[in-house]
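The values are calculated or read from the model by the stated rules, or taken from the named source; none is laboratory data. Every value quoted in this text rests on a predicted model; they were computed, and no experiment measured them. A quick note on method: Cβ atoms are made from the backbone with ideal geometry, for glycine too, and the neighbour counts reach across all protein chains shown.
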Amino acid sequence: MTTLIPSSADPALPDKLTAALIAAVNDGDASRLVALAAADFRCAGLPFVGPPALAAPYQEMRAALPELRITIEQVFVAGNEIAVRYGGRAGHGGFYLGQPPGGNAVTVQGLDVFEVEGDRIRGLRAYGDRLALLQQMTDPQPGAWAVRAVEVEVVSRFEPPAFLEGVMVGAGGEIYVTKLHEGTVYRIQPDGTREVFFHVDTGPGPWSGAWCMVAADDGAGFFLNVNSAAAQLHGVWHVLPDGSGSPFATLPLNTIPNGIARTPAGDLLVADSLGAVWRVAPDGRAGEWLRHESLAGRTHIGRFPGANGIQVWNGAAYVTNSDRGIIVRIPIGPRGEAGKPEIAARGIGGDDFAIDADGSLYVTTHPFNTVVKLGSDGSFTVIAGAAQGVVGPTAAALAVDSSGRRMLYVITDGGFFTLPEDPPIAVPAQSPALLRLKLD
């Protein structure tokens with residue numbers, strides 16, 4: 001490679017040049033950016049030539065993030081090229097790729113490679129992730145909800161890393177917890193005593209493992225969603241009270257069985273995170289119950305599950321769509337068929353949830369580190385968050401102790417999926433756990 005930064009040049013030139021560029025970006029001063037460019041400047045991917053082309057990509061980013069201030073994280077120099085790695089964070093305050101401003105906090109990470117001639121920038125290859133920006137801008141975000149924190153205690157901690165996925169309370173007060181990628185169901189007593197109850201070797205795969213559970217209506221164990229690349233293992237399993245289990249209903253491999261619920265008629269409804277709900281009859285026959293846009297993730301840019309948690313209450317199935325930040329209500333017809341879906345709640349990135357007798361929902365907002373009560377009156381109240389050790393809450397189950405006190409069992413991944421940066425979380429809370437939230 002020809003070295004166009006001569007050895008006689010100011011050795012601090014790369015630092016001065018990049019500092020001037022970043023300062024101009026942060027000040028929103030296009031004229032200073034233009035002054036840094038050579039007359040024949042070219043930006044890879046843009047169809048025009050000349051100094052204004054240096055300002056264009058930064059103006060687009062600043063227009064979308066008006067308060068953005070980026071900082072240089074590292075500078076590399078090789079021949080006539082300077083590579084600058086930078087980062088920043090700001091609120092989404094302007095249009096970006098057609099997306100109107102929504103106010104979400106957005107983290108910017110970029111790597112720009114500049115070709116330098118003398119003391120001017122002659123070319124730019126930008127490696128910023130525009131898809132990641134658009135995803136963050138449209139991610140569901142926690143609202144400015146009231147906070148009424150309840151008492152939280154740790155029942156059992158797991159060694160990290162571990163992705164705890166499903167939780168169910170047994171008839172005797174014991175708690176069953178699934179460890180997703182391990183394919184294991186643990187039985188935990190209220191005093192924290194823990195043992196392996198069931199295990200299935202699902203083989204490798206990003207979604208393989210044990211997911212969510214629902215009790216069998218006859219008290220004979222529970223039904224468990226199992227994801228596997230092996231067709232004979234993929235679907236719903238019946239796990240018996242003695243800890244043995246076997247496949248009950250197979251589902252197509254192009255599904256992600258996630259949440260599971262039981263209807264009063266004895267059917268099982270399985271939330272498929274790729275945009276559907278499946279119905280499993282009492283004899284194990286499975287078929288697609290409903291496929292609908294409201295159950296699918298965002299087209300092309302989705303990065304959270306679509307249909308996720310599912311519960312049945314008062315003649316309808318309720319389903320969280322984590323990626324779209326909605327809760328969908330689907331009426332159950334007289335023959336068990338799906339009615340027309342409707343949006344029951346918006347603006348909450350829910351994972352799993354539990355439904356109380358009055359119709360209130362206790363929603364775990366997995367990457368947002370809160371448990372939110374969605375009241376039957378439509379109100380949102382945060383009842384626990386990262387400050388109480390709720391880091392990565394994935395699922396919840398209601399229970400009543402021997403004294404009649406109501407509680408909510410919540411499982412967390414301890415930051416396996418995402419760890420809060422502000423404020424930082426104490427190390428003990430970074431371990432996956434079964435928590436008990438005291439509601440009364």
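When you scan segment 52-60, do you find a residue that is in the same structural domain as LEU133 (by TED's automatic domain parsing), buried (at least 16 other Cβ atoms within 10 Å of the Cβ), in contact (Cβ under 8 Å) with a residue 40 or more places away in the chain and of a type in the set (Phe, Trp, Tyr), even just one? Checked segment 52-60: no residue is in the same structural domain as LEU133 (by TED's automatic domain parsing), buried (at least 16 other Cβ atoms within 10 Å of the Cβ), in contact (Cβ under 8 Å) with a residue 40 or more places away in the chain and of a type in the set (Phe, Trp, Tyr). Considering only residues in segment 331-362 that are out of contact with any Leu (no Cβ under 6 Å at 6 or more places or on another chain) and buried (at least 23 other Cβ atoms within 10 Å of the Cβ), the one that is nearest to ARG262 (Cα to Cα) turns out to be ASP352. Output yes when any residue across segment 249-269 is on the phi > 0 side of the Ramachandran plot, surrounded by 19 or more Cβ atoms within 10 Å (Cβ to Cβ) and in contact with a Gly (Cβ under 9 Å, 6 or more places away or on another chain), and no when none is. There is no residue in segment 249-269 that is on the phi > 0 side of the Ramachandran plot, surrounded by 19 or more Cβ atoms within 10 Å (Cβ to Cβ) and in contact with a Gly (Cβ under 9 Å, 6 or more places away or on another chain).
For segment 78-114, a residue qualifies if it is surrounded by fewer than 18 Cβ atoms within 10 Å (Cβ to Cβ) and either aliphatic (A, V, I, L, M) or at positive phi (or both), and the qualifying residues are ALA78, GLY79, ALA83, LEU97, GLY98, GLY103, ALA105, LEU111, VAL113. Return the residue satisfying two criteria in turn: it lies in segment 252-297 and is touching a strand residue (DSSP E or B) at 6+ places or on another chain (Cβ under 7 Å) and either of a type in the set (Asp, Glu) or in a helix (DSSP H, G or I) (or both), and of such residues it is farthest from ALA216 (Cα to Cα). Taking the candidates together, the pick is SER294. Which pairs do you get when a residue that is basic (Lys, Arg), found in segment 245-265, comes within reach of a residue that is crowded, with 16+ Cβ neighbours inside 10 Å, reach meaning Cβ atoms under 6 angstrom, with the pair 6+ apart or on two chains? That search, which allows pairs on different chains as well, returns ARG262/VAL214; ARG262/LEU268.
Every residue, every condition in (1) closer than 14 Å to GLY123 by Cα; (2) out of contact with any Gly (no Cβ under 6 Å at 6 or more places or on another chain); (3) modelled with pLDDT of 90 or more, yes or no:
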site	(1), (2), (3)
PRO11	no, yes, no
LEU21	yes, yes, yes
GLY50	yes, yes, yes
ALA56	yes, yes, yes
THR71	no, yes, yes
GLN99	no, yes, yes
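Filtering segment 378-390 for residues that are over 18 Å from ALA149 (Cα atoms) and modelled with pLDDT under 95 leaves a non-empty set. Check whether at least one residue in segment 109-121 is in a loop (DSSP other than H, G, I, E, B), in contact with an Asp or Glu (Cβ under 7 Å, 6 or more places away or on another chain) and within 24 Å of ALA12 (Cα to Cα), and report yes or no. No: segment 109-121 contains no residue that is in a loop (DSSP other than H, G, I, E, B), in contact with an Asp or Glu (Cβ under 7 Å, 6 or more places away or on another chain) and within 24 Å of ALA12 (Cα to Cα).
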